[in-house]
């Protein structure tokens with residue numbers, strides 16, 4: 001799920017949190033930490049080239065398939081590139097637009113001003129009178145109300161959770177809309193409303209909205225759906241009458257006349273298509289291929305370029321998530337022991353050319369990380385109601401994942417893992433690791449195509465030495481995402497990307513309320529009062545110090561839960577190969593390359 005990057009999926013849905021400065025009346029922007037970086041008269045976002053030429057076509061690649069053109073519902077596999085942060089909100093738009101060069105600041109889009117108070121008891125928007133849907137109809141406050149009501153009833157669970165925080169909705173004048181929040185809504189929720197898609201009341205089949213469909217819907221974005229080959233390709237054409245092409249937030253964006261999102265079976269097919277010029281860009285995740293796999297004619301003669309971009313974000317957590325809904329993963333000690341039996345040193349040396357360091361925290365590489373130092377008094381105060389939530393070695397900052405000698409035959413490494421499993425009630429019997437009832441410890445690793453097979457094999461080999469059966473199951477994308485959506489798996493590979501200000505997305509990933517709802521990101525099946533309490537604290541932090549304290553305590557709880565087998569950070573740097581006619585701005589924002597700002601320029 002990527003240009004060729006499965007890990008990017010979770011990033012598309014990550015929305016950060018944090019405190020906001022008080023506002024006096026309507027403003028051009030709203031920032032989660034202090035003030036917006038850009039003044040009211042800013043000309044364009046700093047990572048866009050306002051003079052970028054328009055024209056040409058870009059071909060993206062995406063692993064998998066699709067059977068729906070509605071990306072807002074649980075049913076079906078929605079097509080990419082219509083409404084996402086990776087390919088862009090090309091067809092559908094939001095009230096405000098997020099800058100990717102600030103932790104979380106929103107600037108005008110459909111709404112040209114925003115207002116709130118220091119308590120975040122309300123948020124109000126004034127709709128730009130020029131805002132239009134692609135059929136020429138104006139965007140009205142009634143469309144905003146319609147969108148909220150429709151998504152509340154039939155949208156994805158995260159949309160429903162956000163909108164439930166609204167106590168009252170009022171249309172103010174001709175172009176105003178105001179949302180009054182419930183007392184317990186939290187400080188972030190008012191701003192999340194500005195990130196919901198605005199849909200046309202006059203053109204949506206509300207009754208059947210929850211059903212997947214290949215009928216194109218009308219939006220207000222810079223592109224319209226030109227054609228579709230189900231499961232294979234979506235073609236977007238520039239709307240020549242796009243209403244927002246000259247507003248500051250969109251200058252230098254949306255530079256292609258045509259966008260194609262091509263769906264392909266696996267990563268190897270994606271790369272081979274790129275080599276042949278059938279796709280325009282390739283986001284590389286294979287260290288060996290980046291080092292030695294680009295010896296092909298188009299690269300040698302300069303028609304294909306490679307660039308490495310530094311990202312300045314916390315690591316997030318990339319690894320094998322264990323589904324605690326399954327009996328074998330209900331015990332934290334079992335999960336912790338299995339995580340400790342992944343021989344990262346061997347895999348890093350033999351599979352990745354020693355390119356990676358193992359992740360040690362959900363926020364590794366940032367001030368939000370709890371790794372390597374003891375909990376502060378303020379953290380301990382937050383954690384006091386949950387005395388068993390954090391392991392002692394994580395509380396005092398001494399925790400380390402087991403480290404092998406890298407040989408693949410480290411007996412001490414195996415012994416530590418076995419001792420942990422024995423403490424959880426398992427024993428060796430006839431070469432098998434069995435529980436008190438004589439049932440062998442076994443589980444299935446679900447893979448989306450062959451990508452990740454080598455790493456999974458290395459883990460299964462290590463586990464087999466202790467009499468544990470771990471079988472790999474490779475399925476196509478349609479089956480994979482269906483099983484993912486309904487939590488029909490034991491173990492799967494997942495990347496929980498992180499921002500500089502983690503926020504309400506944590507509820508969908510780890511909150512108790514999402515454990516039994518299909519279509520959320522709570523893949524681990526977590527329902528822990530300590531997790532819920534810490535999410536609430538980070539969402540309602542008033543100062544930066546309070547926020548950092550809450551996130552670090554939260555990090556300790558998640559690490560202690562051992563829900564994920566930590567691997568490495570695949571996004572420390574972004575490796576992008578592209579055909580040379582695709583150009584980019586000189587400035588790369590803190591969140592990495594933004595392909596919506598690139599352009600085509602023939603020699």
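Below are the figures for this structure:
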| read-out | value |
| --- | --- |
| Checking residue 101 against (1) within 21 Å of residue 250 (Cβ to Cβ); (2) at pLDDT 95 or above; (3) surrounded by fewer than 23 Cβ atoms within 10 Å (Cβ to Cβ), the condition it does not meet | (2) |
| Selected residue [touching a strand residue (DSSP E or B) at 6+ places or on another chain (Cβ under 9 Å), within 18 Å of residue 485 (Cα to Cα), touching a residue at least 12 places away in the same chain (Cβ under 8 Å) and buried (at least 21 other Cβ atoms within 10 Å of the Cβ)] from 524, 562 | 524 |
| Output for segment 405-415, where each listed residue is surrounded by 15 or more Cβ atoms within 10 Å (Cβ to Cβ) and in a helix (DSSP H, G or I) | 413, 414 |
| Hits in segment 329-356 - residues which are surrounded by fewer than 20 Cβ atoms within 10 Å (Cβ to Cβ) and farther than 19 Å from residue 461 by Cβ | 330, 331, 332, 333, 353, 354, 355, 356 |
| Residue in segment 250-263 that is touching a residue at least 40 places away in the same chain (Cβ under 8 Å) and over 29 Å from residue 91 (Cα atoms) present | no |
| Of all residues making up segment 179-211, the number that are crowded, with 17+ Cβ neighbours inside 10 Å and in a strand (DSSP E or B) | 3 |
| Residues satisfying the stated conditions in segment 133-152, i.e. out of contact with any helix residue (DSSP H, G or I) (no Cβ under 7 Å at 6 or more places or on another chain), within 14 Å of residue 73 (Cα to Cα) and in contact (Cβ under 8 Å) with a residue 24 or more places away in the chain | 147 |
| Any chance residue 354 is more than 20 Å from the chain's Cα centre (by Cα), assigned to a loop (DSSP other than H, G, I, E, B), within 16 Å of residue 567 (Cβ to Cβ) and modelled with pLDDT under 95 | yes |
| Boolean, residue 214 is surrounded by 21 or more Cβ atoms within 10 Å (Cβ to Cβ) and either closer than 23 Å to residue 585 by Cα or in contact with a strand residue (DSSP E or B) (Cβ under 7 Å, 6 or more places away or on another chain) (or both) | no |
| Candidate set from segment 386-404 (those that are touching a helix residue (DSSP H, G or I) at 6+ places or on another chain (Cβ under 7 Å) and surrounded by fewer than 16 Cβ atoms within 10 Å (Cβ to Cβ)); member that is farthest from residue 461 (Cα to Cα) | 401 |
| Set 270, 261: member being in a helix (DSSP H, G or I) and under 22 Å from the mean Cα position of the chain (by Cα) | 270 |
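The values are calculated or read from the model by the stated rules, or taken from the named source; none is laboratory data. Just so you know, these numbers come straight off a predicted model, no measurement behind them. Here Cβ is always computed from backbone atoms with ideal geometry, including for glycine, and neighbour counts include all displayed protein chains.
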